[in-house]
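Inspection log for the structure reproduced underneath, given as structure tokens.
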Amino acid sequence: MNDKKYAVTVAGGGSTFTPGIALMLLEERERFPIRKITFYDNDAERQETVAKACEIYLHENAPDIEFNYTTDPETAFTDIDFVLAHIRVGKYAMRELDEKIPLKYGVVGQETCGPGGIAYGMRSIGGVIEILDYMEKYSPNAWMLNYSNPAAIVAEATRRLRPDSKILNICDMPIDLEEKMANMVGLKSRKEMNVGYYGLNHFGWWYKIYDKEGNDLMPEIKKHMASNGYADALSDTNQHIDESWKHTFQKARDVYAVDPTTIPNTYLKYYLYPDYVVEESNPEYTRANEVMAGREKQVFGACRDIIAKGTAKDSGFEADAHATYIVDLACAIAENTMERFLLIVPNEGAVYNFEPTAMVEIPCIVGSNGYEKICQGSIPTFQKGMMEEQVAVEKLVVEAWIEGSYQKLWQALTLSKMVPSAKIAKQILDDLIVANEHFWPTLK
Ligand code: NAD
Ligand code: G6P
Ligand code: MN
């Protein structure tokens, strides 16, 4: 190990995940030493609440770490090694509309899938590219670890617009699901498994899972999937614990039933059972409302409490245990660990019978010079068919954003598996355009 200490900027400093990630960074300092943490956000007021509370926590627990928070890009991105990016352009107010507008037309309303994900993508592309450009201007050697959603569309946009940038796009869903699978087979951690996996972000399948001795774990995991999906398995994380997530983990049983040769990502439920999802949705109260009443209230409440008391002792702040994968990834780059991660990367043959320019989610080996892809071979017709449709949606969104094309965005919505017709696609699109007038490029 080298003795370097790293400077990290958290973009989206006002995120509900920021305190958990900041505390997790402190807990992991032995293996990932830190000299400076900076929060950056474009909403000064929202960020200030989170930052002031974290500042108190840091002063009490790690006074040696320099801490700053700012809305000024030059201050935020100068002299840094890593950007951890989790921005939400339009915040929860827009997430709520992404979810509720499609539901008006009987279509799935979801943050990253279907029309909601398309709308969010049209907002996120500009925000993420802007942060990438700031990083490259002020700290050209830094790496951006991006988990801003919708990661599939954001990744396609960075491939098209900034192909040489030092950005790694990653998602935490497979991490949690692999923890659950490890639990199903009596292993302590997903790190005791080696997996084969292919797909797009929030749209993938495991097709082989071995322990470190090479024993096949699929039969045992399949037994669990067939009886209860992921519902009975535990994972050491404080995320994905609300009732609605439990339904999703349970529903994975029915998703699994469609192809029992593979283990599915939970997000496939929106594509394979949209009728069920719409039926169980309340168009007046969606996941955005749950998150605002739950996580947002809890995190901002704890922050205000710390600020009022002037101390973070007994604060209700908790390190985000599941987010240690971010440190694993940073360490892989910083220390050339060559650890395996599922990343969202240009296919270029790694999935042999699939579009070479697609951004696929596959296992990669990560070291100080970036990633090397692990070839996943050919995929079956069912998955290939689904992925071809979905990747076309994602590409059309990015083209629509670049060209300002109404036509292409209408095509994207029409092609989305959850949207029943071009007519309904157009109605949803026209509502989304009005709702997103401050965020989307003008469409012609
Ligand atoms: P949040 O709304 O609490 O936080 C997002 C923050 O980003 C806000 O403070 C907002 O002001 C800020 N922001 C918006 N646009 C910005 C811009 N252009 N520049 C700088 N800051 C900007 O949201 P959250 O629920 O905490 O989630 C944050 C992000 O992390 C979302 O994109 C979410 O989808 C993503 N996320 C991804 C994964 C994954 O698996 N990839 C997991 C969890 C969360
Ligand atoms: C999973 C996904 C993320 C997504 C999150 C939503 O972790 O991988 O991409 O942002 O769930 O969680 P929420 O609690 O905000 O609905
Ligand atoms: Mn994700």
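Rule-based calculations on the coordinates, nothing more; no lab input. Owing to the predicted nature of the structure, the values given are computational and were not obtained by experimental measurement. Backbone-built Cβ (ideal geometry, glycine too); neighbour counts: all protein chains shown.
What distance in nm separates the simple spin-label points at ASP64 and GLU437, each placed 7 Å from Cα in the Cβ direction?
5.5 nm
Calculate the length of the line joining the C-alpha centroid of region 106-121 to that of region 372-391, in whole Å.
Distance between centres, Cα-based: 22 Å.
In debye, nearest 20, what is the charge dipole magnitude of region 150-251 about its Cα centre with +1 on Lys and Arg Cβ and -1 on Asp and Glu Cβ, if you could check?
In debye, rounded to 20, region 150-251 gives about 360.
Mean separation of Cα pairs under 8 Å and 6+ residues apart, divided by the residue count of region 1-131: what relative contact order is that in percent?
It rounds to 26 percent for region 1-131.
Just check region 237-344 against the gyration tensor rule for me: Cα atoms, a ≥ b ≥ c as the square roots of the eigenvalues, rounded for a/c under 1.5, and otherwise prolate or oblate depending on whether a/b exceeds b/c.
Here region 237-344 falls in the oblate category.
Give me the number: length gained by fully extending TYR285 to ARG160, i.e. 0.36 nm times residue separation minus the C-alpha to C-alpha distance, one decimal in nm.
Taking 0.36 nm per residue and subtracting the Cα distance, the gain is 41.4 nm.
With the cut-off at 1.5 for a/c, could you classify region 369-444 from its C-alpha gyration tensor as rounded, prolate or oblate?
It comes out oblate by the Cα gyration axes.
Working only with C-alpha atoms, what are the Rg and Dmax values of the chain, expressed in angstrom?
Answer for the chain, Rg first and Dmax second: 21.0, 60 Å.
Hey, if you drop one equal point scatterer on each alpha-carbon of region 279-324 and run the Debye formula without solvent, what base-10 log of I(q)/I(0) do you get at q = 0.15, 0.20 Å⁻¹?
Ignoring solvent entirely, the Cα scatterers give -0.55, -0.75.
Sort the following peptides by mean Cβ neighbour count (other Cβ atoms within 10 Å, averaged over residues), highest first: 24-33, 258-267, 58-67.
Output ranking for 24-33, 258-267, 58-67: 258-267, 24-33, 58-67.
How would you order 109-115, 406-412, 391-397, 373-379 from highest to lowest mean count of nearby Cβ atoms within 10 Å?
The densest-packed peptide leads the list: 109-115, 391-397, 406-412, 373-379.
With r defined as the distance between the Cβ atoms of LYS313 and GLU339 and R0 fixed at 35 Å, what FRET efficiency is calculated, to the nearest 0.05?
The formula returns an efficiency of 0.50 here.
What percent antiparallel are the DSSP beta bridges of the chain, to the nearest 5?
50 percent
Please compute the length gained on full extension between THR381 and ASN369, using 0.36 nm multiplied by the number of residues separating them and subtracting their Cα-Cα distance.
0.9 nm
So for each of 361-370, 94-103 I average, over its residues, the number of other beta carbons within 10 Å; can you give me the resulting order with the highest mean first?
Going from most to least packed, we get 94-103, 361-370.
Which listed residue (SER315, THR337, TYR352) has the Cα farthest towards the positive end of the charge dipole for region 304-437, taking +1 on Lys and Arg C-beta and -1 on Asp and Glu C-beta about the Cα centre?
It is TYR352, whose Cα lies furthest towards the positive end.
Report, in deg cm²/dmol and to the nearest 500, the calculated mean residue ellipticity at 222 nm for the chain, where each DSSP H run with n ≥ 4 adds -39500 (n - 2.57) and the sum is divided by the residue count.
-15000 deg cm²/dmol, from helical runs alone.
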